[in-house]
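The values are calculated or read from the model by the stated rules, or taken from the named source; none is laboratory data. Model, not experiment: these values are computed from the prediction. Cβ sites come from the backbone with ideal geometry, for glycine too, and all protein chains shown count toward neighbours.
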Amino acid sequence: METVLADELREIAENSQTLKVHQSVPGGVHCSGKLQDGWLLNLHSRIASRVLLRIAQSSYRHEEDIYRLAVKQAWEKWFGVENTLRIDLTTIKSPLKSLNFTTLRIKDGVVDRFRSETGSRPSINTHAPDIRIAGFLDAHNVTLYLDTSGEALFKRGWRHETGDAPLRENLAAGLLRTSGWKPGMPLLDPMCGSGTILIEAAQMVQGIPPGFKRTFSFEKFRHFDQAEWQALKDAVHITPPPAEPLIFGSDISGDMLNMTRHNLEKAGVTFSIPLHQIEAQEIKPPVDRPGIILTNPPYGERIGVRGNRHLQTDELASQFYQALGATLKRRFPEWSVFVFTADLAVPKLLRLKESRKTPFYNGPIECRLFRFDMVAGSNRTRQPRTFQNRQQ
């Protein structure tokens, strides 16, 4: 999601005179600015997973090179011995044999720095730390970051109820942006589950920042200005509810719809989203103008409903998708339909030709966002009639 993340960050940067968005890299986007710009990104980014503050970077050959880099940094400027600590390490093509040992050496460098400067050291807490330090290794270089976010940003602070396999909030936001949906456009999720796509869209309609109801690691940093942070949050303008609903959801499960209603309330959405208990293949357009259908149907790898069977061999699934495809062609002319799934056979089962497919990952699962453009009338091109003159 690097491309859509960069687009989103440029929109956020319009509210800052110092935040600059630079190049995208595999797995992220480089930015620069004041520390308060990091607060702004944490508060407003729907797509980012974390906002990492780069502390140091150098080349390395051995674990001791990484230790020396860690022990040289003035960690005491950022947090104190009273704060608990966690170290996370990710690598691409690193020649080092033991990542656990490398992580340990980063930790040793940090605590040895505190011992030399203060005579004491922070404690380690891997479950709920105050401060997280992230290390990244490629084949030649190591970079050390302070994690300004803490808990991953997809944890918005409102979710209390989920289904068997809820879509991550930042992934739902990325799907919405990739689909081209914007507030004011009709949106329907006919397999809404616990409502993640609907809630992300509804918060966008009302201008509710994704980080409005949660806390962040930067609040534990030294010299954190609570008043300035509160002023940043107070500057948020919540849009009044729309006069008419343009976001709609349905699901076959009444329990899931009740869960969606509860989650909408917890997420601060103040307008009603019409929800209907109905099978997806029975849906009808909720408004009289074209819009976007965006949905994440259950698939075997995600919740194990189909065990180890491939979707193409599942007769019930084949019947369902065939019926859904017929419904889309018959009832939704001029709509754009987006299906997010790990089952690459979905277009064939829907009997629709995708106009675009965008690769995504849902955790470790490789997925696709398929786009289908519904046309008015039959999807099949009519064959011209042929005539043959015969001599009588």
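Structure data summary
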| quantity | calculated |
| --- | --- |
| Qualifying positions in segment 45-54 - more than 18 Å from Ala128 (Cα to Cα) and surrounded by fewer than 19 Cβ atoms within 10 Å (Cβ to Cβ) | Leu53, Arg54 |
| Yes/no for Leu153 being surrounded by 18 or more Cβ atoms within 10 Å (Cβ to Cβ) and not assigned by TED's automatic domain parsing to the domain that holds Ala56 | yes |
| Candidates Ile303, Ile365, filtered to the one that is at pLDDT below 95, in the same structural domain as Met256 (by TED's automatic domain parsing) and under 26 Å from Pro26 (Cβ atoms) | Ile365 |
| Identity of the residue in segment 213-234, among the basic types (Lys, Arg) and assigned to a helix (DSSP H, G or I), that ends up surrounded by the fewest Cβ atoms within 10 Å (Cβ to Cβ) | Lys233 |
| Strands (runs of 3 or more DSSP E) wholly inside segment 1-112 that include at least 1 residues being farther than 30 Å from Arg368 by Cα and without any contact (Cβ under 8 Å) to a residue 60 or more places away in the chain | 20-25, 28-32, 85-91 |
| Cβ pairs under 8 Å, 6+ apart, first in segment 313-331 and without any contact (Cβ under 8 Å) to a residue 60 or more places away in the chain, second aromatic (Phe, Trp, Tyr) and part of a helix (DSSP H, G or I) | none |
| Every residue from segment 313-336 that is among the aliphatic types (A, V, I, L, M), exposed (fewer than 15 other Cβ atoms within 10 Å of the Cβ) and farther than 20 Å from Ala376 by Cα | Leu316 |
| Residues of segment 55-72 classified as touching a strand residue (DSSP E or B) at 6+ places or on another chain (Cβ under 6 Å), hydrophobic (A, V, I, L, M, F, W, C) and buried (at least 17 other Cβ atoms within 10 Å of the Cβ), total | 3 |
| Some residue of segment 148-157 being in a helix (DSSP H, G or I) and either hydrophobic (A, V, I, L, M, F, W, C) or in contact (Cβ under 8 Å) with a residue 24 or more places away in the chain (or both) | no |
| Residue check, Asn83 farther than 20 Å from Arg168 by Cβ and touching a His at 6+ places or on another chain (Cβ under 9 Å) | no |
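Residue-wise test of (1) at pLDDT 95 or above; (2) crowded, with 18+ Cβ neighbours inside 10 Å; (3) touching an Asp or Glu at 6+ places or on another chain (Cβ under 9 Å).
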| site | (1), (2), (3) |
| --- | --- |
| Leu198 | yes, yes, yes |
| Ala201 | yes, yes, yes |
| Gly211 | yes, yes, no |
| Val236 | no, no, no |
| Pro240 | no, no, no |
| Ile247 | yes, yes, yes |
| Asp251 | yes, yes, yes |
| Leu257 | yes, yes, yes |
